Structures are given as C-alpha cells and as structure tokens.
Amino acid sequence: MTEKKNGLLQIPQGTEGLYLEEAFRHRKITKHIEKVFTLWGYLPVETPVFDFFDTYSHLLDKNRAEQTYRLIDREGELLMLRSDITLFLAKQMSLALDEKDLPVRVFYADTILRYESHEDISSNEFFQSGCELIGKPGREGDLEIILLLFNMFKEISLKSVKIHLGSRSLLNSLCKGFSEKEMKKLNTYIDTRSREKIKELFMDRGNNEEKSQSIVSLLMFIGSVSQFETFVNENRNFMVEDTLKEASYLLNIASTINELEGSDSFRIDISEIGGQDYYTGIVFSAYLEGLSTAAASGGRYDSLFDKFGYNASSVGFSMLQRKIEPLLSQSEKYAPPEASERENGEDFVKAYKRGSKLKKDGRTFVL
Amino acid sequence: MKKPLTIALPKGRLFEQVQEHFYNKGIEFSFEKRKLVAYDNKGLLKIFLVKNSDLPAYVAHGIAGLGVCGEDVVYETGYSFYNVLPFSFGGTKLCMAAMKDYKSDSKETHMTIATSFTDYTRDYFHKQGIPVKIIKLNGSVELAPVLGLAPYIVDLVETGSTLKANNLEVLRTLTDIKVNMIANRAYYKFHYEAINELADILREN
C-alpha cells in the first residue's frame with residue numbers, strides 16, 4: 001500500500017462511511033425494508049438535509065437541541081442539519097397535504113446527524129428508516145402501525161423481536177395537575193426505574209402510601225395481556241376513570257395483536273412512555289437480543305402536525321437501521337452474490353460474450 | 001438450560017462486599033488467578049471483573065447487561081441506567097473539605113476545588129450559583145490542599161480517617177452515594193423476568 005500523506009485520511013469524529021460488502025448489505029436490507037413498507041401501501045418521502053432551526057426549536061427539549069448540528073447560512077439564518085426525520089417530515093407534509101388526501105401512508109430511509117456522545121462516541125451519523133400513518137386516528141391506525149413494525153422484523157428474519165406496548169395517555173391520566181417540573185422529574189424516575197422516588201413524588205402530591213405504591217407498580221408494570229388484566233382488576237380502586245379507560249384501550253390493542261400474531265413477541269409495558277414529548281397516545285419500542293438500545297420505537301402523536309398549522313393525527317415508528325444490521329451480518333439473504341470470473345488466459349472477447357449470457361440469467365460475471 | 005445473565009462487577013474495595021453479599025444469598029463465584037470472567041455455582045450469571053470507572057461503559061454498550069456500581073461513578077460517565085436494586089453496603093458520602101485552619105479570602109471570585117468528580121462538583125455548585133474553578137485529579141485528592149494546588153477538595157468520605165491524617169475537615173456533604181445493581185435498559189426489557197428473579201434473590205431483608 002502506498003504511504004498516505006500525514007493527516008490526509010483522518011475523518012471527523014462520528015462520521016461513517018460504508019464500503020464494499022458492508023455497503024452492499026446495507027443497501028439490500030434497506031431495499032428489503034422499503035419493499036415491506038411498499039407492500040403495505042406506504043410511499044416514500046424525501047426530506048431536506050437542513051432547515052431553519054427556529055422552525056423546530058420549540059419542539060426540542062434542551063438535550064435534543066444540544067444534540068443538533070447547527071450552521072449559519074450566507075444570509076445569517078440559523079439552520080439545523082436533519083437530526084430526526086419525523087420532525088422534518090411533519091413540516092413537509094403539513095405544507096403539502098390537504099385534508100381530502102388523508103389518510104396518507106409514507107415511509108423514509110435516510111441519513112440523520114446528531115451528537116450522541118453518551119450512546120456511542122464513535123457515531124453521530126445514523127441511518128434512520130421508518131413509517132408514518134397520517135390522518136388515521138384511533139384503534140385501527142395504532143394496530144396497523146404496530147403490526148407493520150412486527151411484520152417488518154419478521155420479514156427481515158429478526159423473529160425474536162419483543163415489542164413493548166405502553167401509553168403516554170395513560171401516564172398523563174395519572175399526572176393531572178402536575179407542573180412541568182414535576183412531569184420532568186417523573187419521566188426521569190421512570191426512565192431509571194427509581195421506584196422509591198416515584199412513590200415519594202406521588203405522596204408529595206397528596207396520595208396516601210398505599211395508592212402511591214399502587215401507582216408505582218402500575219408505572220413499572222411489564223407483562224402479558226392476562227397479567228395486566230389481573231393487575232388492573234386488583235388495583236381498580238386506585239385508578240381514576242381516565243386511567244381505567246386508557247388501560248382498557250391498551251388491553252384491547254394488545255389482545256387484538258395477540259389474536260393476529262400470537263403473544264410471544266408482545267408485552268404490555270407501562271414504563272414505555274416515549275422518548276419525545278410530542279407523543280399523545282400509544283407508545284412502543286422493539287427490543288432484540290444483543291442490542292444495547294431499542295431497535296425501533298414509535299407511537300401516536302396527535303398534536304405534532306398542529307405545530308405546523310395542519311390538523312392531522314399521526315402514528316409512526318422509526319429505527320436507526322445501522323444498529324440492527326450487525327444482527328443480519330451472517331444472513332445469506334443480504335450477502336453479495338457469488339460471481340463467476342474470466343478464466344486465466346481466456347480471450348477478452350470470448351469472456352465478454354460468455355459473461356453476457358450469464359448476466360442474462362441473472363448471474364454475476366467479472367471480466 | 002437458560003442462558004446466564006451477564007453482570008459486570010467492579011475491581012477493588014467494593015468487589016469483596018459484593019462477593020460476600022452474593023455468597024450470603026447462595027450465589028457463589030470466584031475468579032481464577034488473572035482471569036476476569038467467571039460463572040456462579042448456579043449457572044445464573046456470567047460475571048466480568050472490570051475497572052470501577054469503566055463499568056458503566058460496559059453496561060451501556062451491552063457487553064454486560066447488569067452491573068454493580070456506585071451512583072458517583074455512573075454520574076461522572078454521563079450514562080443513565082435502570083436502578084434494579086439498591087444495596088445498603090458500599091455507601092459513602094461525597095464531601096467538600098479543606099485544611100482545618102484554612103480561612104477563605106473574602107476577595108475570592110471563585111472557589112478552586114480539586115476533585116476526581118468534576119461533573120458532579122461543577123453541576124452541584126452551578127445549581128447553587130457558586131462560581132468554581134475545578135482541577136481534575138485522578139487520585140490522592142487530599143494532597144491538593146496540603147501541597148497548595150487548591151484550597152478545597154471534593155472527594156468520597158467513608159470514615160474520615162484519611163482527611164484527619166492530612167489535617168483536613170469536612171465543610172459540607174454534597175450528596176450520599178448509594179450502590180445499586182444497574183441494568184442496561186434494552187437488556188432489562190428483553191430479560192426482565194430473569195432479572196427480576198435475580199433481584200428477588202439478592203434483595204436485602
């Protein structure tokens with residue numbers, strides 16, 4: 001190998017390039033996933049690489065804002081690089097859609113950039129793919145998107161997936177009257193499964209110890225449909241009407257999914273509250289053995305489009321696709337095809353003609 | 001047979017206390033000389049022995065799904081985990097100390113503090129609106145006031161004997177530090193039943 005000039009081949013921290021077999025595999029997985037989305041009637045959307053920061057700043061909490069890469073254009077406007085396709089897509093669809101177009105089914109698969117030092121210092125460039133079902137509120141919309149997520153994993157042979165179903169609206173029903181600061185605290189406590197702190201917070205809000213303990217058990221619940229049914233019946237007295245309504249809705253969704261796809265891959269998990277503040281209804285995450293973070297996550301957000309002056313409910317999911325690709329690295333399905341080669345000493349013209357025939361049959365030939 | 005859960009344990013002071021606690025709950029293990037991986041007698045756990053300050057990184061990246069670690073170490077790494085089980089052993093305090101006869105200069109615009117816990121110290125004083133200059137040290141922090149590097153230190157205090165031996169006194173306690181069994185979030189979600197069973201075995205009465 002030729003000696004390279006000092007420093008010429010250094011790459012900025014966090015960027016990612018893909019080469020040869022790995023790039024082939026990445027593209028093939030992407031195509032396969034896109035094919036699944038297309039078979040469900042979803043069409044592609046391409047979002048801009050950057051947009052005005054001010055458009056999204058009110059939707060980003062402090063941490064999310066700090067994660068974005070910002071730049072100033074030639075007129076002095078503050079821009080942000082695409083850090084989450086959902087946000088960019090919400091604005092774009094709000095501009096393009098009419099009420100008569102609804103419901104609309106879209107998918108995307110593109111690069112995003114955001115700083116994620118705590119998660120992985122070596123990677124700030126991600127490939128995000130996902131789906132949005134816009135303008136289909138309620139049960140059937142929720143069911144469609146969860147079943148699509150499950151089927152996508154099944155299609156790409158990641159059948160051991162576990163999808164945890166939670167509800168942001170159930171959480172909200174427990175926290176009526178909470179200040180923004182208290183909500184933030186509660187989210188942090190749920191996010192660290194700090195049972196004692198959750199209990200203290202609800203006791204500080206005037207609930208007695210028994211009720212606070214029951215709320216902790218509810219917020220930490222993970223289990224099957226029948227286990228959740230039993231839990232709700234045993235703790236019914238501690239739940240307000242809205243909480244019971246949300247629990248019943250979640251049970252309905254989970255039962256229908258179990259009926260259609262079996263119960264092995266689905267769990268009710270009230271500690272799933274959605275990573276983003278804009279979620280308003282059902283939320284879910286998908287987990288796979290061997291991954292250190294959720295493989296995909298999503299939920300319903302009925303007010304995000306409102307922020308861009310367009311009134312439509314939406315439910316969707318996204319995943320950082322490069323995280324699941326190592327799990328498929330041994331799959332023959334995504335490996336580059338075996339190639340026939342020009343034989344040693346074979347005449348070029350003869351080899352060209354032979355190769356043309358092979359390629360017509362769909363085989364790879366290297367001249 | 002079920003696949004064992006993976007857990008990282010910290011080398012050093014805390015390790016013996018963890019090993020004893022697990023032993024008392026019927027989970028026995030030991031590491032062969034120079035080896036850093038072991039299995040317990042019940043086949044429940046695959047155990048990694050790692051440097052205390054690196055433990056959160058192993059758990060965050062899913063190399064070990066679980067870990068036993070002090071809150072101070074987790075805070076400094078910036079990672080966030082599930083706190084599956086609190087332990088009563090290994091607890092300590094993070095304190096600010098200075099030389100016994102130290103008189104602060106009223107003209108000081110900020111306090112100079114030497115510490116290994118730079119993130120926690122900075123956040124603690126910033127929240128209180130107290131300007132601080134922080135000097136990072138990796139050990140023997142109590143030497144800083146003695147040698148004149150910084151008048152104040154922030155460090156873990158267990159018995160206070162090291163402070164006393166260096167003529168230092170505690171000025172304030174910043175926080176109590178607890179030891180927890182932590183879990184990588186995705187790992188917990190995937191293996192929650194087995195982890196909850198383990199937590200039930202290890203729970204203190």
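Taking chain B as a Gaussian network, where each spring joins two C-alpha atoms under 10 Å apart, which residue of B:171, B:14, B:156 fluctuates the most? In this elastic network of chain B, the residue with the biggest mean-square fluctuation among B:171, B:14, B:156 is B:171.
Using θ = phi - 60° in the Karplus curve 6.51 cos²θ - 1.76 cosθ + 1.60, the 3J(HN,Hα) couplings for the stretch A:290-303 round to x, 9, 8, 9, 4, 6, 7, 8, x, x, 9, 9, 8, 10 Hz; x is entered for Gly and Pro. Backbone phi angles across the stretch A:315-331, fed through the Karplus curve with coefficients 6.51, -1.76 and 1.60 (θ = phi - 60°), yield HN-Hα couplings of 9, x, 8, 9, 9, 8, 4, 5, 6, 8, 4, x, 6, 9, 5, 8, 6 Hz in residue order; Gly and Pro are listed as x. Look at the stretch A:284-296: the mean tally of other chain Cβ atoms within 10 Å of its residues' Cβ atoms is 4. Of all the Cα-Cα pairs you can form in the stretch A:177-218, what percent are over 13 Å apart? Across the stretch A:177-218, Cα pairs with separations above 13 Å total 47 percent. Each Lys and Arg contributes +1 and each Asp and Glu -1, all at the Cβ; summed about the Cα centre of chain A, the dipole is approximately 840 debye.
Counting Cβ atoms of other protein chains within 10 Å of each Cβ in A:186-193 and taking the mean gives 3. Let me check against my output: what whole-number percent is the relative contact order of chain A, with C-alpha pairs under 8 Å and at least 6 apart? Once divided by the residue count of chain A, the mean separation gives 19 percent.
Counts of other chain beta carbons within 10 angstrom of each beta carbon in peptide A:172-179 average 0.
Compute a Gaussian network model of chain A, connecting alpha carbons closer than 10 Å, and tell me which residue from A:87, A:201, A:148 fluctuates the most. Per the Cα network of chain A with a 10 Å cutoff, A:201 tops the list.
Could you work out the relative contact order of the stretch A:102-193? I mean the mean sequence separation of Cα pairs under 8 Å and 6+ apart, divided by the number of residues, in percent.
On the way: 60 pairs, mean separation 18.9, N = 92.
Normalised by residue count, the contact order of the stretch A:102-193 is 21 percent.
The string of couplings for the stretch A:99-109 from the Karplus curve (6.51, -1.76, 1.60, θ = phi - 60°) is 4, 5, 6, 6, x, 10, 10, 10, 9, 9, 7 Hz, one whole number per residue in order, with x for Gly and Pro.
Quick note on chain B: its Rg to Rh ratio, both from C-alpha atoms and Rh being the Kirkwood radius, is 1.04. Between B:148, B:12, B:70, the GNM of chain B built on Cα springs shorter than 10 angstrom shows B:148 fluctuating the most.
Proximity of backbone amide H atoms, modeled 1.01 Å from N, is registered between residue B:114 and B:135, B:152, B:153, B:154 at under 5 Å, excluding neighbours fewer than 5 places apart on the same chain.
Can you give the Rg/Rh ratio of the stretch A:294-367, where Rg is from the C-alpha atoms and Rh is the Kirkwood radius? Display every interim value, and only then the final one.
Values: Rg = 24.2 Å, Rh = 17.2 Å.
Rg divided by Rh gives 1.40.
Gyration tensor analysis over the Cα atoms of the stretch A:162-287 returns equivalent ellipsoid semi-axes of 24, 16, 13 Å (largest first, whole Å).
With only Cα atoms counted, the stretch A:1-109 has Rg and Dmax values of 18.7, 62 Å. Compared with the dominant Cα axis of chain A, that is its longest principal axis, helix A:195-204 is turned about 40°.
Just the Cα atoms of the stretch B:92-176, one point each, no solvent: what log10 I(q)/I(0) does Debye give at q = 0.16, 0.25 Å⁻¹? So the normalised log intensities work out to -0.55, -1.40. Kirkwood Rh over alpha-carbon pairs of the protein assembly as shown, then Stokes-Einstein at 25 °C and 0.890 mPa s: what D in µm² s⁻¹, rounded to an integer? Stokes-Einstein gives a translational diffusion coefficient of 90 µm²/s.
List the GluC sites (Glu not before Pro) in the stretch B:88-169 that DSSP assigns to loop (not H, G, I, E or B) and whose Cβ has at most 15 other Cβ atoms within 10 Å. Which are they?
Values: sites: B:108, B:142, B:158, B:169; in loops: B:108, B:142, B:158.
Here the GluC sites (Glu not before Pro) that fit, given the DSSP loop and packing criteria, are B:108, B:158.
Against chain A, whose longest principal axis comes from its Cα atoms, helix A:85-96 is set at around 90 degrees. Compared with the dominant principal axis of the Cα atoms in chain B, helix B:118-127 is inclined by about 60°.
The Kirkwood hydrodynamic radius of the stretch A:242-343, based on inverse pair distances between different Cα atoms, is 16.8 Å. Relative contact order of chain B: 26 percent, from C-alpha pairs under 8 Å at least 6 residues apart in sequence.
For the stretch A:260-367, the set of GluC sites (Glu not before Pro) satisfying both a DSSP loop assignment and a count of at most 10 other C-beta atoms within 10 Å is given as A:338, A:343. Dividing the summed -39500 (n - 2.57) terms of all DSSP H runs of n ≥ 4 by the residue count of chain A sets its mean residue ellipticity at 222 nm at -12500 deg cm²/dmol.
Here, each number is a calculation from the coordinates, and none is a lab measurement. Just so it is clear, the model here is predicted, and its values are computed rather than measured. As a convention, Cβ positions derive from the backbone with ideal geometry for all residues, glycine included, and neighbour counts pool all protein chains shown.
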